[in-house]
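Here is the structure we will look at, set down as structure tokens.
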């Protein structure tokens with residue numbers, strides 16, 4: 001039987017189409033995925049992301065542990081609440097998961113990892129933590145909401161606990177504040193501004209209903225996927241996996257090579273791959289003719305199959321089909337086509353993101 005978030009009944013009451021997502025019953029949409037997408041780009045929407053895995057890591061060597069565990073460097077974090085996006089790697093440099101970690105004190109961090117990788121992440125992190133005497137606590141007692149869109153912060157702030165409103169209003173991107181178990185981060189997965197809020201399961205229904213009452217509409221996983229794709233954000237299991245490194249997945253920017261004396265799991269393999277200059281890379285693609293790009297469709301360079309689409313969909317904001325794709329590393333891609341059911345159609349290679357804060361980030365003129 002699938003797991004259910006504390007908001008399951010609220011989704012049913014809102015006539016959501018429920019689907020299995022990583023072993024959880026989650027809303028795909030509430031009637032129109034297209035309308036939900038535009039709601040977030042133009043106004044504000046809320047997502048139940050309580051299926052995500054929340055971990056608290058504590059101990060006198062918590063900082064040392066995370067500097068060893070993660071490819072990005074938590075040693076850069078100095079301000080309480082500051083957040084960092086990183087990959088969790090295996091010794092071969094493959095991506096076990098991508099995650100966000102929040103610095104609270106040098107001995108206390110909060111981590112948010114993906115639902116579909118929950119068991120393997122928890123097992124790996126717990127195993128590694130033993131060497132550093134760090135306690136890993138699974139926070140199943142907390143739910144999580146994402147409020148996203150150009151009006152999300154404006155509308156959400158008055159609904160927050162009075163004692164947190166001033167601190168939440170002054171948050172910069174990738175920063176958080178908290179009081180007890182009520183935790184607010186200025187982060188998201190849509191390319192829009194907003195908050196991600198963690199709070200006790202017992203309080204989430206009341207907040208959900210408050211936000212509904214002021215006109216923030218619920219948004220399902222379908223729109224969440226097209227929003228994140230437009231923003232050029234990776235989806236684990238599609239654009240990221242244990243068979244590919246961050247260098248092959250458009251995430252070398254998340255690897256902290258300095259300071260050089262910091263060792264982290266997977267570093268040796270990544271350094272070797274970087275020095276060889278032979279790895280594929282993740283790029284953005286745009287279909288220049290009518291059609292829909294889909295995951296796993298093969299890509300051809302000068303007629304030879306040399307890559308594939310990792311994520312593809314129609315972009316509601318741009319009105320064209322877009323995708324992320326893994327191709328050989330080249331300085332230019334003169335002729336790239338996609339094979340859609342035997343039909344070869346031209347695609348344009350671009351640098352993601354495609355859309356950020358409602359505005360096109362790519363040239364659609366040619």
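All of the numbers you see were taken from the coordinates with simple rules; none came from a lab. If you're wondering where the values come from, they're calculated on a predicted model, not measured in any experiment. Neighbour counts are summed over all protein chains in view; Cβ atoms, including those assigned to glycine, are modelled from backbone coordinates with ideal geometry.
Data table
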| read-out | value |
| --- | --- |
| Residue 305/residue 162 FRET efficiency (R0 56 Å; Cβ-Cβ; nearest 0.05) | 0.40 |
| Full-stretch length increase - residue 365, residue 141 - with 0.36 nm per residue and alpha-carbon distance subtracted | 75.7 nm |
| Separation in nanometres of the label points that stand 7 Å from Cα toward Cβ, at residue 127 and residue 154 | 5.0 |
| Between the range 295-365 and the range 124-186, the alpha-carbon center distance in angstrom | 35 |
| Directionally averaged shadow of the range 280-366, computed from the convex hull of its alpha-carbon atoms, nm² | 5.3 |
| Relative contact order [Cα under 8 Å, 6+ residues apart], the range 280-366, whole percent | 33 |
| Volume in Å³ per residue [convex hull over Cα atoms, computed for the range 1-86] | 168 |
| Reciprocal mean inverse distance between Cα atoms of the chain - Kirkwood radius, Å | 21.4 |
| Residue 253 paired with residue 90, simple spin-label distance in nm, labels 7 Å along Cα-to-beta-carbon | 2.7 |
| Relative counts (whole %) of C-alpha pair distances in the range 239-292, using bins that are 10 Å wide | 20, 46, 20, 10, 4, 0 |
| Computed over the range 57-161, the ratio Rg/Rh where both radii use C-alpha atoms and Rh is Kirkwood | 1.00 |
| Contact order relative to length of the chain, as percent, for alpha carbon pairs under 8 angstrom and 6 or more apart | 18 |
| Gain upon complete extension [residue 120, residue 202; 0.36 nm per residue less C-alpha separation] | 26.8 nm |
| Range of Cα positions in the range 122-174 per principal axis (Å), largest first | 44, 22, 19 |
| Rh by Kirkwood over Cα pairs, then Stokes-Einstein D for the range 164-278 at 1.002 mPa s and 20 °C, µm²/s | 122 |
| Packing-based ranking, highest mean first, of 193-206, 321-334 given that Cβ atoms within 10 Å are counted | 193-206, 321-334 |
| Rough spin-label spacing in nm, given labels placed 7 Å along Cα→Cβ, for residue 277 and residue 214 | 5.4 |
